[in-house]
Structure formats: C-alpha cells, structure tokens
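Novice: A single structure is presented below for examination.
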C-alpha cells in the first residue's frame with residue numbers, strides 16, 4: 001500500500017504566480033481578439049464572459065498567493 005504524499009507547499013507561490021501570469025496573458029490576448037471585425041456579437045459576448053471568469057480567477061490567485069506567502073513565512077519555507 002502506498003503512503004500518502006506529504007503536503008509539499010514549497011513551490012505553491014511560484015506555481016500560483018505562473019498561473020496568474022498565464023491568466024493575465026489569456027485576458028490580454030482575448031481583448032486583442034475582440035478587435036477582430038469578423039467576430040459576431042455572440043462571440044464577443046462569450047469572450048467578455050470568459051474574461052470576467054478570468055478576472056475572478058486572478059483575484060482568487062492573488063488571495064491564495066498571499067495565504068501561501070504567510071504560510072511560508074510562518075513555517076520558514078523558502
């Protein structure tokens with residue numbers, strides 16, 4: 001029987017920061033796509049909705065990053 005893995009949080013901040021950067025890049029690319037004149041109103045609305053979800057995700061990433069930094073500082077993880 002395999003033992004459960006220890007909760008390795010040593011790279012959580014970096015991983016979350018990378019995810020946040022990727023999300024921001026996706027939002028920027030989506031906004032650039034919105035300038036495409038051949039998009040329908042429905043397609044533009046879908047992009048707006050996705051970006052709203054991405055914005056919510058970014059806020060959650062920022063909260064998690066702060067929590068992980070506090071955990072790291074409190075437990076001397078670097």
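Novice: Before we move on, is residue 18 without any contact (Cβ under 8 Å) to a residue 24 or more places away in the chain, in a helix (DSSP H, G or I), surrounded by 13 or more Cβ atoms within 10 Å (Cβ to Cβ) and within 17 Å of the chain's Cα centre (by Cα)?
Specialist: Judged against the criteria, residue 18 is not a match.
Novice: Please name all residue pairs, on different chains or six or more residues apart, with Cβ atoms under 9 Å, provided the first residue is in segment 45-63 and is under 14 Å from residue 29 (Cα atoms) and the second residue is outside any helix (DSSP H, G or I).
Specialist: 47/39
Novice: Then there's this: Filtering segment 45-78 down to residues that are surrounded by 14 or more Cβ atoms within 10 Å (Cβ to Cβ) and more than 15 Å from the chain's Cα centre (by Cα), which residue is modelled with the highest pLDDT?
Specialist: Residue satisfying both the conditions and the ranking: 47.
The values are calculated or read from the model by the stated rules, or taken from the named source; none is laboratory data. A quick note: this is a predicted structure, and the numbers were derived from the prediction, not measured. All Cβ positions, glycine included, derive from the backbone under ideal geometry; neighbour counts span all protein chains shown.
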